[in-house]
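Working notes for the structure below.
The values are calculated or read from the model by the stated rules, or taken from the named source; none is laboratory data. All figures in this text were calculated on a predicted structure; none of them were measured in a lab. All Cβ positions, even for glycine, are placed from backbone atoms using ideal geometry, and neighbour counts span all protein chains on display.
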Amino acid sequence: MLLRSSKSRHALVCSGWLALSLTAALASSATPAASDAPGAAGPAAIENIPELEAIARVEALRQLPPLTEKQRIEVGPLPPQVRLARCEHPVKPARAPGLPTPGRVLIELRCEGHAPWHVYVPVKVVGTTPVVTAAHAIIAGTVLTAKDLATQQHDLTALPPGYLDDPGIALGLTAARAIAGGSILTNQELLGLKAVQHGQTVTLVADAGGISVRMEGRALTDGLVNQRVKVMNLSSGRVVEGIARSAQVVEIIF
């Protein structure tokens with residue numbers, strides 16, 4: 001998967017996310033406020049917008065990963081024309097459905113009282129977070145070492161899906177394609193460790209009628225975990241196909 005595609009999708013999700021939050025917020029303003037109805041109790045019967053945003057803040061902090069000292073959250077703001085009848089029951093917050101976006105969450109506040117309403121409050125993380133980047137240009141097939149990796153602070157709202165925040169995650173992984181120097185590394189660009197290598201002695205495992213049989217074999221191809229590989233049974237000399245399950249273990253396929 002190309003990084004450009006990830007960014008495009010990320011931008012599309014962000015645009016849709018903002019449109020949804022604004023549309024929902026504006027729609028909620030159409031809910032008749034208690035002060036607009038005959039016999040209303042006046043301003044006291046209208047929900048306090050800062051109080052609603054405070055409820056959304058608490059729920060957002062519960063939904064988002066813990067913030068670092070370089071991060072803070074921004075809630076809303078809700079459009080000033082939003083006027084909601086005061087809920088006779090506690091307002092219920094919840095995370096709105098939709099694709100997750102790094103550093104953002106949409107909180108739905110719902111009133112289930114006599115005059116029900118709901119409103120969406122956008123919340124975003126402002127600040128930076130450490131991300132793993134390519135220390136230099138990396139060619140496809142490179143097994144990554146510490147010299148290939150760097151850590152930089154980046155704006156959290158501009159990160160691609162699947163970004164890595166710990167260099168240790170990338171150590172020993174293989175670049176699935178060429179990576180430009182300075183690029184943010186994502187899990188879509190990296191392949192796992194090789195479970196078996198060509199010429200390596202491996203343990204062949206076969207399930208024969210509920211009985212597990214183990215024998216010695218030799219890998220004829222490289223293979224990642226859960227990838228198909230060809231192996232030779234050293235007892236019979238037969239070449240068979242199996243699945244690399246873990247380091248030096250191949251499950252035979254019948």
- Message: Need the failing condition index for GLN152 against (1) surrounded by 15 or more Cβ atoms within 10 Å (Cβ to Cβ); (2) more than 18 Å from the chain's Cα centre (by Cα), just the number.
- Response: (1)
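With respect to LEU61, is the statement that it is modelled with pLDDT of 90 or more, in a helix (DSSP H, G or I), under 21 Å from the mean Cα position of the chain (by Cα) and of a type in the set (A, V, I, L, M) true?
yes
Check whether at least one residue in the stretch 159-180 is among the hydrophobic types (A, V, I, L, M, F, W, C), touching a residue at least 40 places away in the same chain (Cβ under 8 Å) and touching a Phe, Trp or Tyr at 6+ places or on another chain (Cβ under 7 Å), and report yes or no. Show your work before the answer.
First, the residues of the stretch 159-180 that are among the hydrophobic types (A, V, I, L, M, F, W, C): 159, 164, 169-171, 173, 175-176, 178-180.
Restricting the remaining residues to those that are touching a residue at least 40 places away in the same chain (Cβ under 8 Å) gives 159, 178-180.
Next, only the ones that are touching a Phe, Trp or Tyr at 6+ places or on another chain (Cβ under 7 Å) stay: none.
Scanning the stretch 159-180 turns up no residue that is among the hydrophobic types (A, V, I, L, M, F, W, C), touching a residue at least 40 places away in the same chain (Cβ under 8 Å) and touching a Phe, Trp or Tyr at 6+ places or on another chain (Cβ under 7 Å).
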- Hey, among the residues in the stretch 238-252 that are farther than 12 Å from MET215 by Cβ and without any contact (Cβ under 8 Å) to a residue 24 or more places away in the chain, which one's farthest from the chain's Cα centre (by Cα)? VAL239
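Tell me, yes or no, whether the stretch 133-148 has at least one residue that is under 17 Å from the mean Cα position of the chain (by Cα), of a type outside the set (Lys, Arg) and surrounded by 13 or more Cβ atoms within 10 Å (Cβ to Cβ). Explain how you work it out, then say what you get.
Initially, the stretch 133-148 is screened for residues under 17 Å from the mean Cα position of the chain (by Cα), giving none.
No - not one qualifying residue is present in the stretch 133-148.
I need the full set of residues from the stretch 174-196 which are touching a Gly at 6+ places or on another chain (Cβ under 8 Å) and under 15 Å from SER246 (Cα atoms), in order please. Explain how you work it out, then say what you get.
First, the residues of the stretch 174-196 that are touching a Gly at 6+ places or on another chain (Cβ under 8 Å): 174-175, 186-188, 193-196.
Matches in the stretch 174-196: LEU193, LYS194, ALA195, VAL196.
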- Item | Whichever residue in the stretch 102-119 is farther than 24 Å from LEU64 by Cβ and touching a helix residue (DSSP H, G or I) at 6+ places or on another chain (Cβ under 9 Å) and, among such residues, is surrounded by the most Cβ atoms within 10 Å (Cβ to Cβ) | TRP117
